[in-house]
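Contents: one structure, followed by commentary.
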Amino acid sequence: MAKVNISLDAELVVEVMVLAGVGSPQDAVEAVVRDYIARGHRTEARVQRQDEPRRNTDSLPPLPEG
């Protein structure tokens, strides 16, 4: 896998390390990125589930009138 090197404010990284309970800056940043991605996937799934009933009712044939 390709690696990326970036510079971050040390105080931010230390705070993430404490909050995540990890011992290395690398693990802290990876934890934040993985959490962000997982949150995005959960949001997509939730939105998709909410839209599904609307799609199903839109595709129903019209009720006969008369």
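The values are calculated or read from the model by the stated rules, or taken from the named source; none is laboratory data. The structure displayed is predicted, hence computed values, not measured ones. So basically every Cβ, Gly included, is an ideal-geometry build from the backbone, and we count neighbours across all protein chains shown. These accessible areas exclude ligands, DNA and RNA; they are computed on the full protein's heavy atoms, side chains included. Shrake-Rupley method; radii C 1.70, N 1.55, O 1.52, S 1.80 Å.
At-a-glance table
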{"item": "Long-range neighbours under 8 Å by Cβ, at least six apart or interchain, first residue over 18 Å from TYR36 (Cβ atoms) and part of a loop (DSSP other than H, G, I, E, B) within the range 1-24, second at pLDDT 95 or above and open to solvent by less than 100 Å² (accessible area, probe 1.4 Å)", "result": "GLY23/MET17; SER24/MET17"}
{"item": "Cβ pairs under 9 Å, 6+ apart, first in the range 33-47 and within 23 Å of LYS3 (Cβ to Cβ), second open to solvent by less than 100 Å² (accessible area, probe 1.4 Å) and not aromatic (Phe, Trp, Tyr)", "result": "ASP35/ALA20"}
{"item": "Flag for ALA45 being of a type in the set (A, V, I, L, M), modelled with pLDDT of 90 or more, open to solvent by less than 70 Å² (accessible area, probe 1.4 Å) and part of a helix (DSSP H, G or I)", "result": "no"}
{"item": "Residue in the range 31-40 that is of a type in the set (Val, Ile, Thr), assigned to a helix (DSSP H, G or I) and surrounded by 11 or more Cβ atoms within 10 Å (Cβ to Cβ) present", "result": "yes"}
